[in-house]
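First up is the structure itself, then whatever we jot down about it.
Readers should treat all values here as calculations from the given coordinates under stated rules, not as data from a laboratory. As the structure is a prediction and not an experimental result, all values here were calculated from the model. Cβ: placed from backbone, ideal geometry, glycine included. Neighbour counts: every protein chain shown.
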Amino acid sequence: MRKAETDDPEFNTEHRTVLGVDLGVNNIAVSSTGTFWSADEFNHWRREYEKRRGSLQQRGTRAAHEAIEGVGRKEYGHFEIYLHGVANELIEEAVEYGCSHIAFEDLTHTRENIPQATWRHVWAFRRLFQYVEYKAAEHGVEAVQVPPDHTSQRCSTCGCTHEDNRDGEHFECLKCGYQNHADYNAVVRSRAI
């Protein structure tokens, strides 16, 4: 694993090893070790809970309103369990690879950087970071956020940044021809920031 090098004096300490994490709508998380956590289950249940709420809202009764609240609690609980599992696996990877840091994309402008992200995705990204942040500290690993700065369009091999490098989940560098999954390319590039 490569060492992190940044201009941030707080983060720039010699010989720190970083596990990079890219967040997305199709894959809730992709680590720099090449592990993908699919968002299929998350997206499936998000749609199912939306359907349930929509069906109950059409009834318009007090009982339906109370049922909607119950659906919301169940949805929240389901997603919490899922995100705790992903957080635990990310920390296990960091510990296994001897990482001192887990670097996430800065989540501040998620809706601008990932336009197809719903408010539930934005919530999940923030929640996942929070879980990793407090759980990682128990293992002596620090969770940090790094600027996304076109990581999805920048080649992890040659550094060429161009919007046409990425097409959905496929990444192919216009300059050097490097090809890989776009999320994996982004996370490999982000850990070298």
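Would you mind checking which residues have amide H under 5 Å from Ala29's amide H? H placed 1.01 Å from N; only 5 or more apart, or other chain.
For Ala29, the qualifying residues are Gly24, Trp37.
First select every other residue whose beta carbon is under 9 angstrom from the beta carbon of Cys160; then total the charges, Lys and Arg +1, Asp and Glu -1.
Neighbourhood net charge equals +2.
Rounded to the nearest 20 Debye, what is the dipole magnitude of segment 37-91 about its Cα centre when Lys and Arg each give +1 and Asp and Glu each give -1 at the C-beta?
400
For segment 33-94, just say rounded, prolate or oblate: build the C-alpha gyration tensor, square-root its eigenvalues into a ≥ b ≥ c, call rounded for a/c under 1.5, and beyond that prolate if a/b exceeds b/c, oblate if not.
It comes out oblate by the Cα gyration axes.
For Glu105, what residues show an amide H to amide H distance below 5 Å, using hydrogens built from the backbone and excluding near sequence neighbours?
The answer is Val21, Leu23, Val146.
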